[in-house]
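First the structure, in the form of C-alpha cells, and then the observations on it.
The values are calculated or read from the model by the stated rules, or taken from the named source; none is laboratory data. Note that the structure is a prediction, hence the values are computed from the model and not measured. Every residue, glycine among them, receives a Cβ derived from its backbone with ideal geometry; neighbour counts consider all protein chains shown.
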Amino acid sequence: MSEPSDKSAPSRTPFFDVRMRGFRDRAEVADVVALLAARLRPLPAEEIDLHEASGRVLAEEISSPVAVPSFDRAAMDGYALRGQETFGAGPYNPLEFRIVGEALPGRPFTQPVGPAEAVRIMTGAPLPERADAVIQVEAAEEQAGILRISEAVPPGRHVGRRGEDIELGTVVLCAGRRLRPQDVGVLASIGTAHVRVIRRPTVALMITGDELLPCGSRPEGYRIVDSNSVMLEALVRRDGGIPLDTQLIADSRPAVEAAVVSARADLLLISGGSSVGKEDHAPRVVAERGELSVHGMALRPASPAGVGFLQDRPIFLLPGNPVSCLCAYDFFAGPALRRLGGGSMDWPYRSCRLPLARKIISAVGRVDYVRVRIRDGQLEPLATSGASILSSTTRADGFVLVPRDSEGVGAGQEVQVFLYD
C-alpha cells in the first residue's frame, strides 16, 4: 500500500452532509490505510481439522514433537551392509556378502547385520542394526543368495538419517503464515491432526439502488443488472473472507438503516449511495448509528468512498460505479479484511516494472488508479477510463498508481504495474 503521508491519521469529526453540496475536503489515501492498520486487529483463533487448513492463517507457532524421519532409512533400493567392509572392492576385486534377509517400508529386518552380510532393502525401509550404508541395485549383482559388489560404498551412503527432514523441537511454522498445501503436508508428517488458525472474517454485502436488477437478470428499460455483488463476493473470497447473503437495498433511508443495524458480520460493505446525490443515504446512516471516520478520498476513481465503524466493526462505503467500487475495495476494504483474517495489508497482486508507451496525465493532490495494457513490453494507458466502464478492467492487464504529489508520468519512464492476474 502507499506510505503514510506526513499528516496525522484522520479521526472522527462532526458529520457534514455532502448531498447536493459536494465534499469540503478529501482524506489522503495513506492516512486512511494508516487508520485501518491502527484500529484493526486479527480476529480470535479457532481450531480446525488439518484437512481444512490450507489457505488459512496460522495463529500460533508450531514446533515438532518428533524427529522426521524417526529412524535411519534407505534412500535407495539396494542392499544394506557395513560400508567399511566394502573398501577395496573394484572391477578386478569384487567382494562377496551373504544375503541374510530383506527390509521393506514398515517391515524392518529385525536382526543385526553381521560381518560380510547384507540385507535386501527398499527405499524408505528402516536401516537394519549395525548396517550403515546402502549400495544401489544397479551397482551390485545378486546370485544364489550371494551379493557381489565391485565398488566401495562409504558409511552413510544412500542413508536418510533420523531427523534429517525435521529435528525434534524444531520450529516448523511461525504464527501469521498463510498455510500452503506443502505446509499442511509437513504438519501431517509431525503428527498434527488439528491446528489453531485465525477465524475467517464474515462480510455483509449491501448493494443499493432502485435501478438495479438482481444478478442473472437481463437489463430492461432504464434498469441495469447488479454486477458489483458478484465482483465483491469474489474479492472477499480472494482475501480470505466469507461473503454472507447479498442484499439489494432500495434508495431509501429506512431501508439502508434497517440493513446496516441488522448486519451481524465482522465487516460490512455498502455499494452505492455514498456520494453527493439526493438519495445517497449511507453516509448519514453510518454517522448516526456508528462512526463515519472518513468520507471522501483524494483518489480517482472512488473519491466518494467512506470508512466507518459500527461497534468496532469496520464498514466501507463503496461507490456504485463498478470500477470505483473495485478501486475502493482494493485500497481500503481488502486490506482491512486481510488484517482481520491475520494476513498482510499489502497489495495482493503480482507486480513488475515496465516503461510507459504514452504519458499519464494526473493532478497533484490525489492518487490516480490508471488501467493499462501491456503491448510489446510497454504499458499503454487505456483510452476509455470512466468509472462506470467495468469492461476496461477486463481489457486491461493491470493498473498503475500515480502518487498524490505527481502531475503525471512521462512516456518511456519505468513504473510499477500491478497485474490483475
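Restricting attention to segment 133-156, the residues that are surrounded by 20 or more Cβ atoms within 10 Å (Cβ to Cβ) and closer than 21 Å to G106 by Cβ add up to 1.
Against the list (1) closer than 23 Å to R178 by Cα; (2) surrounded by 17 or more Cβ atoms within 10 Å (Cβ to Cβ), the condition R238 fails is (2). Of all the residues in segment 327-368, those that are crowded, with 17+ Cβ neighbours inside 10 Å, touching a strand residue (DSSP E or B) at 6+ places or on another chain (Cβ under 7 Å) and basic (K, R) number 1.
Among the residues making up segment 1-38, those that are farther than 25 Å from L401 by Cα and either at pLDDT 95 or above or among the aliphatic types (A, V, I, L, M) (or both) are V18, M20. Could you tell me whether any residue of segment 88-95 is assigned by TED's automatic domain parsing to the domain that holds E138 and either touching a helix residue (DSSP H, G or I) at 6+ places or on another chain (Cβ under 9 Å) or within 30 Å of A265 (Cβ to Cβ) (or both)? Yes, there is a match, as at least one residue in segment 88-95 is assigned by TED's automatic domain parsing to the domain that holds E138 and either touching a helix residue (DSSP H, G or I) at 6+ places or on another chain (Cβ under 9 Å) or within 30 Å of A265 (Cβ to Cβ) (or both). Of all residues assigned to segment 331-344, none qualifies as being touching a residue at least 24 places away in the same chain (Cβ under 8 Å) and more than 24 Å from L43 (Cα to Cα).
Identify the residue in segment 371-392 that is over 21 Å from S227 (Cα atoms), in contact with a strand residue (DSSP E or B) (Cβ under 9 Å, 6 or more places away or on another chain) and not charged (D, E, K, R) and, among all such residues, is surrounded by the fewest Cβ atoms within 10 Å (Cβ to Cβ). Let's see the steps before the verdict.
Keep residues of segment 371-392 that are over 21 Å from S227 (Cα atoms), which gives 372-383.
Checking which are in contact with a strand residue (DSSP E or B) (Cβ under 9 Å, 6 or more places away or on another chain) leaves us with 372-374, 377-382.
Now narrow it down to the ones that are not charged (D, E, K, R): 372, 374, 377-379, 381-382.
Details: V372: 25, I374: 16, G377: 8, Q378: 16, L379: 27, P381: 19, L382: 16.
Checked segment 371-392; the qualifying residue surrounded by the fewest Cβ atoms within 10 Å (Cβ to Cβ) is G377.
Contact map, segment 244-262: residues that are without any contact (Cβ under 8 Å) to a residue 60 or more places away in the chain paired with residues that are among the aliphatic types (A, V, I, L, M) and in a loop (DSSP other than H, G, I, E, B), Cβ distance under 7 Å, separation 6+ or inter-chain. Pairs shown: L244/A265. Against the condition at pLDDT 95 or above and β-branched (V, I, T), how does T246 come out, does it pass? Judged against the criteria, T246 is not a match.
Considering segment 81-97, and only residues there that are aromatic (F, W, Y) and at pLDDT 95 or above, the residue that is farthest from E141 (Cα to Cα) turns out to be F87. Exactly one residue among D226, D266, D251 is at pLDDT 90 or above, among the acidic types (D, E), assigned by TED's automatic domain parsing to the domain that holds A333 and in contact with an Asp or Glu (Cβ under 6 Å, 6 or more places away or on another chain), and that residue is D251. Among the residues of this structure, S229 counts as one that is more than 30 Å from S63 (Cβ to Cβ), not in a loop (DSSP other than H, G, I, E, B) and not aromatic (F, W, Y).
Here is the figure for segment 392-416: residues that are part of a loop (DSSP other than H, G, I, E, B) and within 25 Å of the chain's Cα centre (by Cα) total 2.
Here is a yes/no grid of residues against (1) touching a His at 6+ places or on another chain (Cβ under 9 Å); (2) in a helix (DSSP H, G or I); (3) β-branched (V, I, T); (4) buried (at least 21 other Cβ atoms within 10 Å of the Cβ):
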| position | (1), (2), (3), (4) |
| --- | --- |
| A255 | yes, yes, no, no |
| S275 | no, no, no, yes |
| V285 | no, yes, yes, yes |
| F309 | no, no, no, no |
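All conditions but one from (1) outside the structural domain of I270 (by TED's automatic domain parsing); (2) at pLDDT below 95 apply to M345; the one that does not is (2).
Determine whether segment 337-344 contains at least one residue that is closer than 19 Å to A234 by Cα and in a strand (DSSP E or B). Checked segment 337-344: no residue is closer than 19 Å to A234 by Cα and in a strand (DSSP E or B).
Filtering segment 88-132 to residues that are farther than 22 Å from A152 by Cβ, part of a strand (DSSP E or B) and not hydrophobic (A, V, I, L, M, F, W, C) leaves G101, E102, R107, P126.
For segment 133-155, residues that are part of a loop (DSSP other than H, G, I, E, B), in contact with a strand residue (DSSP E or B) (Cβ under 7 Å, 6 or more places away or on another chain) and under 30 Å from V68 (Cα atoms) total 3. Could you tell me whether segment 43-54 includes any residue that is modelled with pLDDT of 95 or more, among the hydrophobic types (A, V, I, L, M, F, W, C), surrounded by 12 or more Cβ atoms within 10 Å (Cβ to Cβ) and assigned to a loop (DSSP other than H, G, I, E, B)? Yes, segment 43-54 contains a residue that is modelled with pLDDT of 95 or more, among the hydrophobic types (A, V, I, L, M, F, W, C), surrounded by 12 or more Cβ atoms within 10 Å (Cβ to Cβ) and assigned to a loop (DSSP other than H, G, I, E, B).
If the condition is being of a type outside the set (D, E, K, R), under 18 Å from the mean Cα position of the chain (by Cα) and in a loop (DSSP other than H, G, I, E, B), then segment 160-197 contributes C174, A175, G176, L179. From the set of residues in segment 368-391 that are part of a loop (DSSP other than H, G, I, E, B) and of a type in the set (S, T, N, Q), which is nearest to F418 (Cα to Cα)? Taking the candidates together, the pick is S385.
Could you list, in sequence order, the residues of segment 260-273 that are out of contact with any Ser or Thr (no Cβ under 6 Å at 6 or more places or on another chain), more than 16 Å from I207 (Cβ to Cβ) and either basic (K, R) or in a loop (DSSP other than H, G, I, E, B) (or both)?
Going residue by residue through segment 260-273, those that are out of contact with any Ser or Thr (no Cβ under 6 Å at 6 or more places or on another chain) are 260-264, 267-271.
Checking which are more than 16 Å from I207 (Cβ to Cβ) leaves us with 261, 264.
Within segment 260-273, just R264 meets the criteria.
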